[in-house]
Amino acid sequence: MTAPRAAIFGCRGLELDARERDFFAESDPLGFILFARNVDTPTQVRALVDALREAVGRPAPVLIDQEGGRVQRLKPPHWRAAPPAAAFGALAARDPAAAKRAAWLNARLIAGELKALGIDIDCLPCLDLRHPEGHGVIGDRAYGDDPFLVATLGRATCEGLRAGGVLPVVKHIPGHGRAGVDSHLELPRVTTAAAV
């Protein structure tokens with residue numbers, strides 16, 4: 001038995017077609033990621049997740065970007081509209097303990113929604129620092145501009161996801177928040193001294 005290919009693949013639509021199924025069976029990726037184009041209803045998403053795993057014949061990991069705010073693939077009316085990270089940062093300015101607890105609870109709720117669909121990895125938390133010179137692609141996706149606050153709320157989010165049986169993916173290292181362009185459209189170049 002050979003190890004799966006070290007790759008995460010996506011698919012075109014709401015269900016697998018025969019070509020995709022054959023391609024996944026032959027290429028045997030480690031796992032899969034879902035995007036907005038793959039999401040309609042809970043029943044449909046669960047069936048797609050099952051079909052992806054059936055294509056490779058094993059319980060392959062399935063990832064999704066379910067941050068809250070602007071970046072959430074699962075949206076109302078079937079799923080909760082989760083707040084963006086900045087909402088927890090704003091709460092921390094008034095009550096740090098409440099913000100930490102709220103970040104944990106929000107992540108735990110997200111995990112419950114994902115687990116019900118068979119999704120076991122969330123590309124969350126976003127640990128970028130918000131910088132005034134940065135492009136708005138991060139904006140309210142960041143908990144704030146203080147590294148300690150971002151680390152604290154990010155850890156609470158990771159713990160909330162794990163408590164619900166979903167693995168977190170810490171993202172945008174090293175410092176997407178400083179990028180002056182949207183990395184989806186252009187290659188950002190960040191010129192700043194390394195922190196020591």
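The values are calculated or read from the model by the stated rules, or taken from the named source; none is laboratory data. Since this is a predicted model, take the numbers as computed values, not measurements. Glycine gets a Cβ as well: all are built from the backbone with ideal geometry, and neighbour counts include every protein chain shown. Please note that ligands, DNA and RNA were not included when accessible areas were found on the heavy atoms of the full protein model with its side chains. Shrake-Rupley method; radii C 1.70, N 1.55, O 1.52, S 1.80 Å.
Miscellaneous remarks
- Checking each residue in the stretch 29-58 for being charged (D, E, K, R) and within 22 Å of Ala6 (Cα to Cα) picks out Asp50, Arg53, Glu54, Arg58.
- In the set (1) out of contact with any strand residue (DSSP E or B) (no Cβ under 9 Å at 6 or more places or on another chain); (2) under 25 Å from Lys75 (Cβ atoms); (3) open to solvent by 30 Å² or more (accessible area, probe 1.4 Å); (4) in contact (Cβ under 8 Å) with a residue 12 or more places away in the chain, the condition left unmet by Leu185 is number (4).
- From the options Gln72, Gln66, residue that is open to solvent by less than 30 Å² (accessible area, probe 1.4 Å), in contact with a helix residue (DSSP H, G or I) (Cβ under 8 Å, 6 or more places away or on another chain) and within 19 Å of Gly160 (Cα to Cα): Gln66
- Among the residues examined, Val190 qualifies as β-branched (Val, Ile, Thr) and open to solvent by 60 Å² or more (accessible area, probe 1.4 Å).
- For the stretch 5-50, filtering for residues that are exposed (fewer than 13 other Cβ atoms within 10 Å of the Cβ), part of a helix (DSSP H, G or I) and among the β-branched types (Val, Ile, Thr) leaves 1.
- Among the candidates Ala163, Ala142, the residue that is open to solvent by 30 Å² or more (accessible area, probe 1.4 Å), closer than 19 Å to Ile64 by Cα and hydrophobic (A, V, I, L, M, F, W, C) is uniquely Ala163.
- Consider the stretch 101-139 and keep the residues that are assigned to a loop (DSSP other than H, G, I, E, B) and over 16 Å from the mean Cα position of the chain (by Cα). The one that is surrounded by the fewest Cβ atoms within 10 Å (Cβ to Cβ) is Pro132.
- Candidate set: the stretch 51-70, residues that are small (Gly, Ala, Ser) and not in a helix (DSSP H, G or I); chosen: the one nearest to Ile8 (Cα to Cα): Ala60
- Selected residue (only one of Arg5, Arg12, Arg46 is touching a residue at least 24 places away in the same chain (Cβ under 8 Å) and within 15 Å of Ile121 (Cα to Cα)): Arg46
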